[in-house]
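Please treat every number below as a calculation from the coordinates, not as lab data. Predicted model only: the values in this text are computed from it and were never measured. As a convention, Cβ positions derive from the backbone with ideal geometry for all residues, glycine included, and neighbour counts pool all protein chains shown.
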Amino acid sequence: DRINLENKMAIAIENNEFVPHYQPIMDLTTQRIAGCEALLRWQSADGKLCHPGVFIDALEQSPLILEVGQRIIEKCVTDLCKIRDSLAGGLEESFFASVNVSGRQFADPQFIGRLETVRSQAGIPAKHIKLEVTERIMTEGPLAISTLQICRALGYKIAIDDFGTGFSSLQYLAAMPLHDLKIDRSFITQMMASDKALSIVKTLIHLAKLLNLNLIAEGIETREQLLLLRNLGVKMGQGYLFAKPMPYSEFLSLLRDSEQDEVRRAA
Ligand code: C2E
Ligand code: MG
Ligand code: MG
């Protein structure tokens, strides 16, 4: 099955079937769009949309992730360019697009060169691009970590994804050059019903504050969750309560609408 899936994915790359969808990341205080996360979708010729849950493990275990990862970065940077040119006010200083980057990509000696080429050709400052990594990068060896450090030095933003799951350890927080910490959706889902989950969320909020990291809550689905997180001082979040991941054109319309709302509010 694995070989069959790999063959299908190789053909899908040829046919440009891997595309990013975008989910807004909100400023929870102002309820404005602070940025977005690019999430991989496999869109086959028949229009069927396949989510990463079905193929991401196989993809990340295959060298094909390097090609797919690069294409997603290219597409995301091109889309950022189009957003900049389509909005009357251009890109806001703090606006960012997050891309999920697998440990294997960071261990690729060509990663930075390819990333920088795409970015500089598009004329997008590195601060608008956020690289989301998981703790699995720590198992990729020293090259992956030094790549991450160079990315930070070049001005890219770095976020640790799914924090609190897998084998994430506090040591990684010290070893990685991070800006953001993303609390995994599982804690947000459980925190209303479980005191223990809520305690973990509070501890992560405190930890992020002490380490001077920006905290992003994943998977906000209800107004109650939003209010609680806001009361606890969480500044940013994403989830179905605000919007599901959507194709680029829909995301652009959303940004345009919210820009017009701002103009109306200011008037
Ligand atoms: P992730 O990076 O933690 O992305 C967040 C996932 O949570 C996304 O699932 C998103 O659609 C989902 N989500 C967001 N808000 C909600 C919510 O309110 N409720 C629920 N139930 N789910 C929500 P998705 O798009 O299926 O992606 C799954 C995972 O696949 C991602 O988790 C990430 O680890 C991986 N992935 C996605 N795109 C890429 C990529 O381009 N490269 C790599 N290497 N991995 C990717
Ligand atoms: Mg992510
Ligand atoms: Mg996550």
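Worth a mention:
- Under the simplified labelling scheme, the R114-Q260 pair shows an inter-label distance of 3.9 nm, with each label point 7 Å from Cα along Cα→Cβ.
- Inter-part distance where the stretch 38-72 and the stretch 234-250 are each reduced to a Cα centre, Å: 20
- For the stretch 125-267, the calculated P(r), taken from all Cα-Cα distances in 10 Å bins from zero up to the bin holding the longest distance, is 10, 34, 34, 19, 3, 0 percent.
- Straight-distance crosslink candidates among lysines, where the alpha carbon sits under 20 Å from K157 and sequence neighbours closer than 8 are dropped: K75, K127, K130, K182, K209, K235
- E221-K202 pseudo-label distance in nm [points 7 Å out on the Cα-to-Cβ vector]: 2.4
- Choice from A45, A217, A126 with maximal GNM fluctuation in the chain (Cα, 10 Å cutoff): A45
- Partner aspartates and glutamates for K196 [C-alpha distance under 16 Å; skip if fewer than 8 residues away on the same chain]: D184
- Förster-model FRET efficiency, 45 Å R0, T30 and I3, C-beta, rounded to 0.05: 0.35
- Residue by residue, the stretch 231-245 carries 3J(HN,Hα) couplings of 4, 7, x, 6, 8, 9, x, 9, x, 4, 4, 8, 5, 7, x Hz when phi is fed to the Karplus relation 6.51 cos²θ - 1.76 cosθ + 1.60 (θ = phi - 60°); x denotes Gly or Pro.
- For the stretch 197-267, the C-alpha radius of gyration sits at 1.37 times the compact-globule guess of 2.2 N^0.38 Å, with N the residue count.
- Evaluated over the stretch 1-85, the Cα radius of gyration and Dmax, each in Å: 14.8, 48
- Computed over the chain, Cα set: Rg, Dmax in Å: 18.4, 59
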